[in-house]
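Structure first, then comments.
Read-outs throughout are calculated quantities, based only on the coordinates presented, and are distinct from any laboratory measurement. If you're wondering where the values come from, they're calculated on a predicted model, not measured in any experiment. As a convention, Cβ positions derive from the backbone with ideal geometry for all residues, glycine included, and neighbour counts pool all protein chains shown.
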Amino acid sequence: MTRHRPILFVGGGRITSALCAGLRLGKYPREIVVYDHNPDKLRALRDESRVTIAHDLNKALPRAEILVVAVRPGSVPGVLQEIADTGTWPRLCVSLAAGIPLAALRRSLGNPAHWVRAMPSPVSRIAQGLTAISFEPAVSITERKRVRELFEMVGQVIELPERSFDAFTAVYSSSHGYHALAALASAGQRAGLDRKTAQTASAHALADGIHYWRESGLSVDELLQEAVTPGGIAAASMAAMDKTGYRQAVQRGIEAGITQARRNAASQKTRKATPAST
């Protein structure tokens, strides 16, 4: 990758913080520049990940090789308008906004911009994340390689067709693990464990099982058969959870996430672009 031209993040929130930390951990060779309207976020990023603070978007955009739009979906129109008003931007642009389709991004800045959608994980902070990427057809082979190399520095990368992006976003979030951990630990406390023991047992139940699945090469069905002995405690627990609608609850949660992503996309067709805080 080119060492001299920086990457520019517009938006200094949590996912930018995670990516910057992971990139520094991975010895990312280029300068990392961040632009945001919130000076406290910028100072925290500078202290944590040695980023360069950009106070003037007009000056930062022409220097950048890659532009990463890292704001909430509702802020995307205003941010893209702010970028468009400068009159210049990098050819290679990456959006991290959930649910905002490539077609809407392309309309915002016009043909000179080649857009990529990326959905990284907060676990990128420790370079163990997972990022899905989707390219519009105009993105060249060289540009695709550059984007893959960027996100491979913070974990695994998978390329998906854009039609699969909303489902992936709803399914892959690390929040599922935290939610399951909280629910399992809470049940452990109600069963009589102290808080620390309940959390430790729950964390090992989740993390150890997933680690073994990754290392063993066995399917999930095979592991369930191995772990859930007929007539045993695990079998009784799993059967009771399934009977009370565990699988249906997870399915409804994923469907709700996909619906929200589609709302985000629909809002781009009706919302007038106005400046928004990043």
What is the sum of charges, Lys and Arg at +1 and Asp and Glu at -1, for the other residues whose Cβ falls under 15 Å from the Cβ of I133? -1
Which listed residue (V157, V147, A170) has the Cα farthest towards the positive end of the charge dipole for region 92-181, taking +1 on Lys and Arg C-beta and -1 on Asp and Glu C-beta about the Cα centre? V147
Can you tell me what share of the DSSP beta bridges in region 7-172 is antiparallel? A percent to the nearest 5 is fine. 15
I want to check the label-to-label distance for E159 and S267. Put each point 7 Å from Cα in the C-beta direction and report it in nm to one decimal. 3.1
Roughly what angle does helix 141-152 make with the longest principal axis of the chain, taking Cα atoms, 0 to 90 degrees, to the nearest 10? 50
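Assuming 1.567 mPa s and 4 °C, estimate D for region 7-172 with Stokes-Einstein, Rh taken as the Kirkwood radius over Cα pairs, in µm²/s.
On the way: Rh = 15.7 Å.
Stokes-Einstein gives a translational diffusion coefficient of 83 µm²/s.
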Subtract the Cα-Cα distance of A201 and N38 from 0.36 nm times their separation in residues, and report this length gain in nm to one decimal. 54.7 nm
With r as the distance between the Cβ atoms of Q251 and E48 and R0 = 41 Å, compute the FRET efficiency 1/(1 + (r/R0)^6) and round to 0.05. 0.60
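Once you have the Cα-Cα distance between K243 and Y172, take 0.36 nm times their residue separation minus that, and quote the gain in nm to one decimal.
Working: separation 71, 0.36 × 71 = 25.56 nm, distance 2.48 nm.
Computed gain between K243 and Y172 is 23.1 nm.
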Taking only DSSP H segments of four or more residues, each worth -39500 (n - 2.57), what value at 222 nm results for the chain once the sum is divided by all its residues, to the nearest 500 deg cm²/dmol? -17000 deg cm²/dmol
Check cross-link reach from K196 to the aspartates and glutamates: straight Cα distance under 19 Å, and skip same-chain residues fewer than eight apart. D208
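Would you mind finding the longest exposed-site-free stretch of the chain, with exposed trypsin sites (Lys or Arg not before Pro) meaning DSSP loop and at most 11 other Cβ atoms within 10 Å?
Working: sites that count: R3, K27, R50, K272.
With a cap of 11 other Cβ atoms within 10 Å, the longest stretch comes to 51-271.
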Return one number: the angle in degrees, 0 to 90 and rounded to the nearest 10, between the long axis of the Cα atoms of helix 39-49 and the longest principal axis of the Cα atoms of the chain. 70
Using only the alpha carbons, work out the radius of gyration and Dmax of the chain in angstrom. 21.3, 69
